[in-house]
Amino acid sequence: RDSSCDASICIAVVHHISSVERRKRLIAEIARVLRRGGRALITAWAMEQEKPAKTIEKWEKIEGNDFFVPWHLPSHRTKRQHEQDPRSVSKKTTDDSFQVYKRYYHLFQEGELEALVNSVPGARTVNSFFDKSNWCVIFEATA
């Protein structure tokens with residue numbers, strides 16, 4: 001329902017959305033359900049990783065700030081998915097105990113998440129900050 005919430009949180013979601021337009025639609029949807037003056041917190045992975053040797057230096061770069069990050073799932077949790085679509089698994093571990101999937105991430109640079117929020121009608125950034133390799137924005141619904 002429109003204007004039905006006082007607050008919303010969106011933690012570690014927006015960086016999985018693969019285009020600027022889709023990210024704007026996500027933020028617009030959050031703004032739509034907030035009452036005027038309601039606030040939302042959005043967090044997203046930052047390009048400015050605190051330990052790049054353990055993170056972005058090991059990930060597969062697609063282009064720009066877009067990466068595939070390996071996601072290891074225990075094989076017993078992926079059996080049904082693998083049966084439905086065997087191509088969904090990028091590789092298995094040598095002992096078959098885990099299947100490794102590629103997860104898409106867009107890493108945000110300083111100011112990028114704030115600018116994205118401010119480009120959405122009905123949303124206005126109240127605060128933005130960096131926290132443990134994440135950019136965070138608190139925004140207010142203005143409509």
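At-a-glance table
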quantity: Pick from segment 48-100, criterion modelled with pLDDT under 90 and hydroxyl-bearing (Ser, Thr, Tyr), ranking: surrounded by the most Cβ atoms within 10 Å (Cβ to Cβ); calculated: THR78
quantity: Pick from segment 103-122, criterion over 16 Å from the mean Cα position of the chain (by Cα) and of a type outside the set (Gly, Ala, Ser), ranking: most open to solvent (accessible area, probe 1.4 Å); calculated: PRO121
quantity: Residue in segment 1-38 that is least open to solvent (accessible area, probe 1.4 Å), counting only those that are closer than 18 Å to ASN134 by Cβ and either part of a strand (DSSP E or B) or of a type in the set (Gly, Ala, Ser) (or both); calculated: CYS10
quantity: Identity of the residue in segment 123-134, within 30 Å of ARG77 (Cβ to Cβ) and part of a strand (DSSP E or B), that ends up most open to solvent (accessible area, probe 1.4 Å); calculated: ASP131
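The values are calculated or read from the model by the stated rules, or taken from the named source; none is laboratory data. Nothing here was measured: the structure is a model prediction, and the numbers come from that model. Virtual Cβ from ideal backbone geometry, glycine too; neighbours counted across all protein chains shown. The accessibility values were calculated without ligands, DNA or RNA, using every heavy atom of the protein model including side chains. Shrake-Rupley method; radii C 1.70, N 1.55, O 1.52, S 1.80 Å.
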